[in-house]
């Protein structure tokens, strides 16, 4: 316990976006603060032209308008540099495992770049805090840093606050947080060999995939392809991860995914 012992750089990420879907929304601002094992920092921050209109509801949160990003570069023009900036680094941030990283993965995929983040240590201050009680980032800043969160919903301010909170958590003995990035990552989201997709919407049960949500939770896709194809077709039209949709689409076509031995 205590200070976080970095064996390689960690990049603290925060995204401001056009909405709340990690699969269909786009980035309008990105901040990536790289913290080196010796404590030195590098920061990459900037506005992004999302290529789609920014809804008023999103602007009301982060204050970024269409006019603000009209002359900004699209993500495709910074993708290679951002990939290089993140290469070889562990990752940290607030609620990044469910939102920022899947959304960033989609942005990279649109540029033909495979962004592999699940094999890295992911230190998510939201998941750590959720172990005690669900709260927002501003509440965590007050609790752990003893100050107001100045610049809330600005990407760089949020990224730096996430890192400061993570360090403060590691310093509190009662939180019993490991000192290694991988240990923190495992505490945020314990490894689960039966989880099929990043969001845990499908799980392996023997050689079959089962749903983990809704009225049909616990039923296999194989069974639902016979008894409730409408539910599977509904999933294809909703905001589920590409991996879930790929599995459902295969089952509807009579091709059942096979579990690959670990």
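First check a/c for the stretch 202-252, with a ≥ b ≥ c the square roots of the eigenvalues of its C-alpha gyration tensor; if it is under 1.5, answer rounded, and if not, answer prolate when a/b is larger than b/c or oblate otherwise. Each step should come with its number before you reach the end.
Values: a/c = 1.36, a/b = 1.21, b/c = 1.12.
Cα axes put the stretch 202-252 in the rounded bin.
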Mind jotting down the distance between the C-alpha centroids of the stretch 78-103 and the stretch 133-191, whole Å?
17 Å
Residue order, fewest to most beta carbons within 10 Å, for 259, 26, 47:
259, 47, 26
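In percent, what relative contact order does the chain have, based on Cα pairs under 8 Å that are 6 or more apart in sequence? Could you put the intermediate results ahead of the total?
On the way: 425 pairs, mean separation 50.8, N = 262.
It rounds to 19 percent for the chain.
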Percent antiparallel among DSSP beta bridges with both residues in the chain, to the nearest 5?
75 percent
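As a footprinting exposure proxy, order 210, 248, 260 by other Cβ within 10 Å, with the fewest listed first.
Numbers: 210 20, 248 25, 260 5.
Listing 210, 248, 260 from fewest to most nearby Cβ atoms yields 260, 210, 248.
Determine the calculated [θ] at 222 nm for the chain from helices alone, applying -39500 (n - 2.57) to every DSSP H run no shorter than 4 residues and normalising by the residue count; nearest 500 deg cm²/dmol.
Values: 11 runs with 94 residues, N = 262.
The helix-only estimate for the chain comes to -10000 deg cm²/dmol at 222 nm.
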Exposure proxy order (Cβ contacts within 10 Å, fewest to most) of 61, 78, 96:
61, 78, 96
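No value in this document is a laboratory result; all are computed from the given coordinates. Computed from a predicted structure; not experimentally measured. Virtual Cβ from ideal backbone geometry, glycine too; neighbours counted across all protein chains shown.
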